[in-house]
1. Is segment 208-217 home to any residue that is modelled with pLDDT under 95 and farther than 24 Å from Val335 by Cα?
2. Which of the residues that make up segment 82-111 are touching a Leu at 6+ places or on another chain (Cβ under 9 Å) and charged (D, E, K, R)?
3. Collect the residues in segment 355-371 that are touching a Phe, Trp or Tyr at 6+ places or on another chain (Cβ under 7 Å) and either closer than 17 Å to Leu304 by Cβ or of a type in the set (A, V, I, L, M, F, W, C) (or both), keeping them in residue-number order.
4. When only residues in segment 312-337 that are small (Gly, Ala, Ser) and at pLDDT 95 or above count, which is surrounded by the most Cβ atoms within 10 Å (Cβ to Cβ)?
5. Sort through Leu424, Leu430, Leu402 and tell me the only one that's touching a Phe, Trp or Tyr at 6+ places or on another chain (Cβ under 6 Å) and not in a loop (DSSP other than H, G, I, E, B).
6. When the residues of segment 287-296 are filtered to those that are small (Gly, Ala, Ser) and assigned to a loop (DSSP other than H, G, I, E, B), which remaining residue is surrounded by the most Cβ atoms within 10 Å (Cβ to Cβ)?
7. Would it be correct to say that Glu410 is in contact (Cβ under 8 Å) with a residue 12 or more places away in the chain, assigned to a strand (DSSP E or B) and surrounded by fewer than 19 Cβ atoms within 10 Å (Cβ to Cβ)?
8. Of the conditions (1) within 20 Å of Pro231 (Cα to Cα); (2) in contact (Cβ under 8 Å) with a residue 60 or more places away in the chain; (3) touching an Asp or Glu at 6+ places or on another chain (Cβ under 7 Å); (4) not small (Gly, Ala, Ser), Ile281 satisfies every one except a single condition; which number is it?
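The values are calculated or read from the model by the stated rules, or taken from the named source; none is laboratory data. Computed from a predicted structure; not experimentally measured. Every residue, glycine among them, receives a Cβ derived from its backbone with ideal geometry; neighbour counts consider all protein chains shown.
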Amino acid sequence: MNFHINFMSLKKLTYLGLRIATQVVILFFFSCKSSVTFQETDWRFFRGTQLDGCSPNKGLPIFWGEDTSVVWKTPVHDLGNSSPVILNNQIWLTTAKNDGTELYAVCIDFVTGKIIHDIMVFSPDKVPQKHSLNTYATPSPALENGFVYVHFGSMGTACLNSSTGAIIWKRTDLYCDHVQGPASCPILYKNLLIFNLEGVDVQYVIALDKTTGKTIWQNPRPQEYYVNEPPIARKGYSTPIVINVNGKDQLISVGSEVCIAYDPLTGVEIWRVNYSSDSAIAMPLYSNGLVLFSTGFGGASVRLIAVNPQGTGNITNSGKIWETNIDVPGINTPVVHNGLVYMIQEKGQLTCLEAATGKVFYKEKLKGDFYSSPICADGKVYFPSKQGMVYVLKEGQTFEILAQNKLNSEFWASIAVSGESIVLRSDKYLYLIN
């Protein structure tokens, strides 16, 4: 396979080649109560292993360019907006023919940038339509030791052996009419693979046995909130998260007309908040006891709502703490860290606000279009633009740009973090920056 290594970064490549040995040394010192800080190397889902877009790692790059700090740059064939996921020195992503007739899972070696697996998982007989901004490979994979789970919406879901690339199981019978293509990503919870399937026709959350692909539970959205909405407003593309409230796990799943907390093992509803919106896309957030979620897509009609998740039943009125409809993004997911929410509207309007109250600390305009979701790491917030610029901001209540880094690509996917490196997927390449 073709790949490119920037030989000016050989020193950094040597470091990466020793990362396993380094982790062993770190663990040794950790056991001796050394001051060495452990660096997480896995980023197993869209928005990271903790599903929050945040990394505890230190020493991440601040400055880079096509000829600076790029360890390797690997071409990825065809089209895909899925974000990379990382485990055991493997990076997985998906890609697809522009006409949707071939759907692939691709594995790239973290250290060298070489393609390890390039597997055509599905070749659909019938390809649904999609939005011009979307691709047929937008949902990000989910990773665990030994297995990768890829999802292409109604076109198919599969489990692969991450070492051999062998397909363990497939499902092609989970249908919904997305209208604008797939986008919701799967997550893993204990023995379950969970995701939303919400089209103009049906809307439900489903949990599969991760070892067999068989349905464990399936829960439809309450139709009383959907029947009076036009079909185009019923679809959704959000990815769920799991939080813990008073010692009990809750699956938080956002639809276009209702946000519901489920028992993740059974699918039994715990609470709900209903509203009227259209095409929910962003993931929910969790900060200091509050769930925050965007209601949908479409300018001022999009709201960011904060609720207390400790109630039961319909908590639309009793659980709501605050909400705003000012410059809330309709496509990308905000990031929350240390009690601050950083959100960037798709046309570049950036807002930093307090998660507990909704109080705005600053509003600034960044140049570009922003479809990638920002991440927070090492005291910084990273905002990739479609135009190939990544803005690096200092975390905090005051606006401060630390760097503006341009690559000759477009960015639709979100950044992944591993060790002291970031992984960037563009419209044509996968980059390792260190």
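1. Initially, segment 208-217 is screened for residues modelled with pLDDT under 95, giving none.
Within segment 208-217 (the criterion being modelled with pLDDT under 95 and farther than 24 Å from Val335 by Cα), the answer is no, since none of the residues qualifies.
2. Hit for segment 82-111 is Lys97, nothing else.
3. Of the residues in segment 355-371, the ones touching a Phe, Trp or Tyr at 6+ places or on another chain (Cβ under 7 Å) are 357-358, 362, 364, 366, 370-371.
Across segment 355-371, the qualifying residues are Thr357, Gly358, Tyr362, Leu366, Phe370.
4. Applying the first criterion (small (Gly, Ala, Ser)) to segment 312-337 yields 313, 318-319, 330.
Remaining after also requiring at pLDDT 95 or above: 313, 318-319.
On the way: Gly313: 11, Ser318: 12, Gly319: 21.
Looking at the filtered set, the residue picked out is Gly319.
5. Details: Leu430 fails: touching a Phe, Trp or Tyr at 6+ places or on another chain (Cβ under 6 Å); Leu402 fails: touching a Phe, Trp or Tyr at 6+ places or on another chain (Cβ under 6 Å).
Of Leu424, Leu430, Leu402, the one residue that is touching a Phe, Trp or Tyr at 6+ places or on another chain (Cβ under 6 Å) and not in a loop (DSSP other than H, G, I, E, B) is Leu424.
6. Step one: filter segment 287-296 for residues small (Gly, Ala, Ser), giving 287, 289, 294, 296.
Checking the rest, the ones that are also assigned to a loop (DSSP other than H, G, I, E, B) come to 289, 296.
On the way: Gly289: 14, Gly296: 26.
Filtering segment 287-296 for residues that are small (Gly, Ala, Ser) and assigned to a loop (DSSP other than H, G, I, E, B), the one surrounded by the most Cβ atoms within 10 Å (Cβ to Cβ) comes out as Gly296.
7. Values: in contact (Cβ under 8 Å) with a residue 12 or more places away in the chain: yes; assigned to a strand (DSSP E or B): no; surrounded by fewer than 19 Cβ atoms within 10 Å (Cβ to Cβ): yes.
Judged against the criteria, Glu410 is not a match.
8. All conditions are met except number (3).
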